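Coordinate-derived values only; no laboratory data. Just so we're clear, the structure is a prediction, and the values are computed from it rather than from any experiment. Cβ placement follows ideal geometry from the backbone for every residue including glycine, while neighbour counts extend to all protein chains displayed.
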Amino acid sequence: MSDISKCVDILDLRNFDRKDPEFTRFHVNSKKVCEGTLFFAIKGKHHDGHSFLREAWEKGATAAVVEKFVKDVPIPQILVRSTVETLGKLAKRKLEECGDSVRICITGSNGKTTTKELIHHHLSKIVGYPIFKNEGNMNTEIGLPLTILNDYHGERILVLELGINKPGDMDKLVKIIKPSIGIFLNLGSAHVGNFDSLEELFYEKAKLIFSLEPFSLAIINEDDIRISNLKNIRRNLRYSGFGRKKGKVRLAGWSYEIENGSFATRSIYFIDGKRTEIKLKNVWNEGQLLDLSAVLCLIDSMGYEVKVETFEDFELPDGRFKLSKVHDILLIDDTYNSNVESVKKAVGTISNLPAKKRIAVIGAMKELGKFSGWYHAELGRLLGTFDIVFIYLKDPEILMIRDELNGLNLREEKDPLKLAQDILSVVEKGDLIYFKASRAIEIERVMEEVWRNLSNF
Ligand code: ADP
């Protein structure tokens, strides 16, 4: 969207001394600013974007959208009540101007990225034209509008994961996007600390389904009674379900095999009662296979034929339960984020994988607030199946798992490099090492050090 003259109702350009400003990029981070950027000054928890106007100007920003004028910086400034809201309004306008599109939106505590990537992968191969998706963490009230403004070029289908952290987030996202199809994957503890209860978190996510126009398609998890009960609460939608026990698409079972030295997963689904076998690269856990069942449900319900062979070359996104082997040692990179529901699915799979010793390298789970003790105790119980647990003590919240792990071989370390050395001192051929913590903990620093040392072995 470079023709800002169409947005004068959103951006007041009266104080702007150039008549027809050209904006080629939209940024909130002054480090990313380049020639032609419209810079949005956002006041965050740690930094206030208004302090970075000079840097934005020096890097070539054409103008800045601000909530208060900043003196002594020559950059043209456009005053608005809320810079975040303005960003959303511009993205909404761009979507409207680009004409009709199908906006497939995904919510859930786990599996949004995996599901989005799967849908994008499959639909791109079968529809024959480009499909838009938001990248990883561009799923918030700031990230989503930014990616629409910078990267969307009028594609007819958009696959978007919607990330919510606090009450009210979903209202803002659906207002910008106006979802055409909603997918509600599951409900777990992620971000629950920012809500009063799990119920409140559920209703925030459910707003995606409530926002749909009558007779729109809603893909829901039939194994979760709260989610499947939405059918009785928001009635006039076209529901299609997936799950282990019930639904249009049912995950019936799976097995792991080794082919030419690499792992593969053979999964069995029933789609409207028809047995369908899908072969996947690498080892998929039950959660990821359920994400795939949501995708099959969507594809079939949209009227497309499911082409199972298109999934054969699909690569799981990095950091999401991704296996690799170095010198006969199995590393499981699950470092992207952590909560007990995803650990539970991971543990279910790990106990079925061949290993001499099973080693877990674990850090804290964040954003659990008053529920933290309860969930960390649960995490401790889940880790009881490992032979050794290494605790990465970057955040002491993780120590709450200790009481549940009495008697287990338990080691603690604050320094990521020392921790890596401790791990390397016990690891042997045939072992399996599982890495897991919340994003903020950056446990990949430990994993990368272990990986580097093992590769140089
Ligand atoms: P999100 O985008 O919602 O954070 P990801 O696709 O990035 O989800 O996956 C994050 C983690 O959740 C990974 O560890 C993955 O193995 C796990 N996971 C994926 N889908 C599910 C599911 N349906 N249930 C439980 N865990 C899941």
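The packing ranking of peptides 370-380, 184-194, highest mean first, is 184-194, 370-380, where packing means the average number of other beta carbon atoms within 10 angstrom of each residue. Amide H contacts under 5 Å for N282: F263, A264, T265, restricted to partners 5 or more places along the chain or on a different chain, H placed in the peptide plane at 1.01 Å from N.
With neighbour counts taken as other beta-carbon atoms within 10 Å, the residues D333, D72, D171 rank, fewest first, as D72, D171, D333. When Rg and Dmax are taken over the Cα atoms of the chain, they come to 23.7, 73 Å.
Between H327 and K31, take the C-beta separation as r, use R0 = 35 Å, and let me know the FRET efficiency to the nearest 0.05.
Numbers: r = 39 Å, r/R0 = 1.11.
So, using R0 = 35 Å, E works out to roughly 0.35.
The simple Förster model, with R0 at 35 Å and r as the Cβ-Cβ distance, assigns K43 and E448 a FRET efficiency of 0.55. Remind me, relative contact order of the chain in percent, using alpha carbon pairs under 8 angstrom and six or more residues apart? Worked out over the chain, it gives 10 percent.
How high is the FRET efficiency between Y203 and F69 when r is their beta carbon distance and R₀ equals 35 Å, given to the nearest 0.05?
The calculated FRET efficiency here is 0.35.
Over the C-alpha trace of the stretch 414-457, radius of gyration and Dmax come out as 10.5, 31 angstrom.
Under the classification rounded if a/c is under 1.5, otherwise prolate if a/b is larger than b/c and oblate if not, where does the stretch 46-140 fall, given a ≥ b ≥ c as square roots of the Cα gyration tensor eigenvalues? Prolate is the answer for the stretch 46-140, as a/c is 1.5 or above and a/b outweighs b/c.
Each eigenvalue of the Cα gyration tensor of the stretch 322-455, multiplied by 5 and square-rooted, gives one semi-axis; in descending order these are 22, 16, 14 Å.
Each label point was placed 7 Å from the Cα along the Cα-to-Cβ direction; for T385 and R54 their separation is 5.7 nm. Each part gets one Cα centre, and for the stretch 200-239 versus the stretch 85-128 those centres are 18 Å apart.
DSSP finds beta bridges in the stretch 33-192, and of those with both partners inside it, around 5 percent are antiparallel. Which angle between 0 and 90 degrees, to the nearest 10, do you get for helix 83-97 versus the longest principal axis of the chain when only C-alpha atoms count? On a 0 to 90 degree scale, this one is about 90.
The order of H153, H122, going from fewest to most other C-beta atoms within 10 Å of their C-beta, is H153, H122.
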